[in-house]
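Worksheet: the structure to be examined is printed underneath.
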Amino acid sequence: MFGLGWPEIIALVVIALLVFGPEKLPQAASQAGRTLRQLRQMANNARSDLEANLGPEFKNFDPADLNPKTFVRKHLLDDVEKDWKDDEPDLPPLEPPAPAYAELNFGEIPPYDNEAT
């Protein structure tokens, strides 16, 4: 859900037990559940109000498309990636290039370039 595994969830439960105590933990959990439910309801109401007020032109509007990464990926890069993948020939894997320098033996002085310094 949020990238939490079982060890993290168990650690959160233990911390909640220590902070709230066993008597108040059920009340705190129910209050947290109510708060999350209200937040979801507010988000759904805001989305439905936005869709209703934008009109039929924006029937398939998704607010997540307003995220710059999503916008660029959806509107600019999708076509490029499709074209690139279609045009890509099956090439063998590349081999690492040969070094542009000769390896030096032990004690050998590297060449000195006056123009580079």
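Just so it is clear, none of the values below were taken in a lab; they were calculated from the coordinates. Quantities reported herein were computed from a predicted structural model and do not represent experimental measurements. We place every Cβ from the backbone using ideal geometry, glycine too, and count neighbours over all the protein chains shown.
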What nm distance separates the two modelled labels at Phe20 and Asn53, each placed 7 Å from Cα along Cα→Cβ?
3.5 nm
Taking R0 as 25 Å, what's the FRET efficiency between Phe71 and Arg37 from their Cβ-Cβ distance, rounded to 0.05?
0.25
Would you please classify the overall shape of region 1-54 from the alpha carbon gyration tensor, given that a ≥ b ≥ c denote the square roots of the eigenvalues, rounded means a/c under 1.5, and beyond that prolate means a/b larger than b/c while oblate covers the rest?
oblate
